[in-house]
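Beneath this line is the structure, given in structure tokens, with notes to follow.
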Amino acid sequence: MTDSRSQPDALRSQIATAYRQACLCELDALKPGNVHRFSDGHRMTLEDFITSANVSAEPLTLPGLGLGERIYRAVAATREAVSCNTNLGILMLCAPLIQALLEEHQPSNSLHDRLCHVLAKTDSDEVDWLFRAIQLAAPGGLGQSDKYDVSETPSAELIEVMGHAAERDLIARQYATGYTDLFDFALPLLRGYQERWQNEWAITALFLTLLARFPDSHIRRKNGLYKAVSTSLHAAELVKELEKAELPEHYHLRLLQADNEFKREGINPGTSADMTVATLFISYLEQILPAFGLNTGYTRVRDSRPEEVGIQS
């Protein structure tokens, strides 16, 4: 049993390891349109993402920070190392999970309960830090919002701000719904694929199914809603073909073709990749939390296949 005096340090260390593992394993999977070990893209390289994972892990797991400042420090470390936006969405999805585990005086041993508590109580001061982080990362296609624009001083708490953006942004939707899409849909989906295939192919299938089910926010910002929806329909066909393959390795060239097609058209399903990393992170946290008297708070497993693969807003 871990000595009580060393438990906080041990927990932080294992969280950082789980975070890096999630980022790096996602890069091992062939994900059409994204950067991965088989192909760079969108003026970014595999090494940019590996460096980003390594340099952001420490600030992301520092003790005593609020949620917004935690994200800001991780973004700042990333920008200093790679000078481009490789991981804003990853940081925004992983930071609340880390905050939920590191913050003291939490009402529950359940990660999900703690997460919802953190999201509900994050005030406008931390939203200000978050807005500064988003401005520093400078994500492509962000544009302006008629309400709660990131260039302005926030006047509301986190849940209200994210609720306003939830219909058009999948990451905001996770904040507004307590990560329901990840805990209820993506995590059981990942488990099912891992029972069937090796990890990298399970991750590929997870990514494609997320892209098929949820039109990608990054594509929507950069290329418009029509292209986001049509890309989801394309991904749905890829999922169907992949699931028919007895050996997914036989499908490698087909996915590389799709990867080249997406990149030629400037299509980058970045939000789908961010959600893939966050799902992997939760999965790895499941393995370490029991040693610290914690759990994810989710034991139910639902039918995780989309009813109609392609569109679900």
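What follows draws every value from the coordinates through simple rules; no lab data is involved. Bear in mind that the values here come from a model prediction, so they are computed numbers and not experimental data. All Cβ positions, even for glycine, are placed from backbone atoms using ideal geometry, and neighbour counts span all protein chains on display.
Structure summary
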{"quantity": "Cα-based equivalent ellipsoid of the range 198-282: semi-axis lengths in Å, sorted from largest, via gyration tensor", "calculated": "20, 16, 11"}
{"quantity": "Where labels lie 7 Å past Cα in the beta-carbon direction, separation of residue 9 and residue 180 in nm", "calculated": "4.2 nm"}
{"quantity": "For a label point 7 Å along the Cα-to-beta-carbon line of residue 243, residues of the range 208-237 with backbone N under 17 Å", "calculated": "208-215, 232-237"}
{"quantity": "Cα shape, the range 1-90, gyration tensor, a/c 1.5 rule", "calculated": "oblate"}
{"quantity": "The range 88-224 - Kirkwood radius from inverse mean 1/r over Cα pairs (Å)", "calculated": "16.3 Å"}
{"quantity": "Computed helical MRE - 222 nm, the chain, DSSP H runs ≥ 4 contributing -39500 (n - 2.57), nearest 500", "calculated": "-20000 deg cm²/dmol"}
{"quantity": "Extension gain (nm, one decimal) between residue 250 and residue 191, 0.36 nm per residue minus Cα-Cα", "calculated": "19.1 nm"}
{"quantity": "Positive dipole terminus of the range 1-144, leading residue within 16, 34, 109 (C-beta point charges)", "calculated": "34"}
{"quantity": "Set of lysines near residue 263 by C-alpha distance (under 26 Å), chain-local residues within fewer than 8 positions excluded", "calculated": "31, 222, 227, 240, 244"}
{"quantity": "The range 13-86, dipole about Cα centre (Lys/Arg Cβ +1, Asp/Glu Cβ -1), debye to the nearest 20", "calculated": "120 debye"}
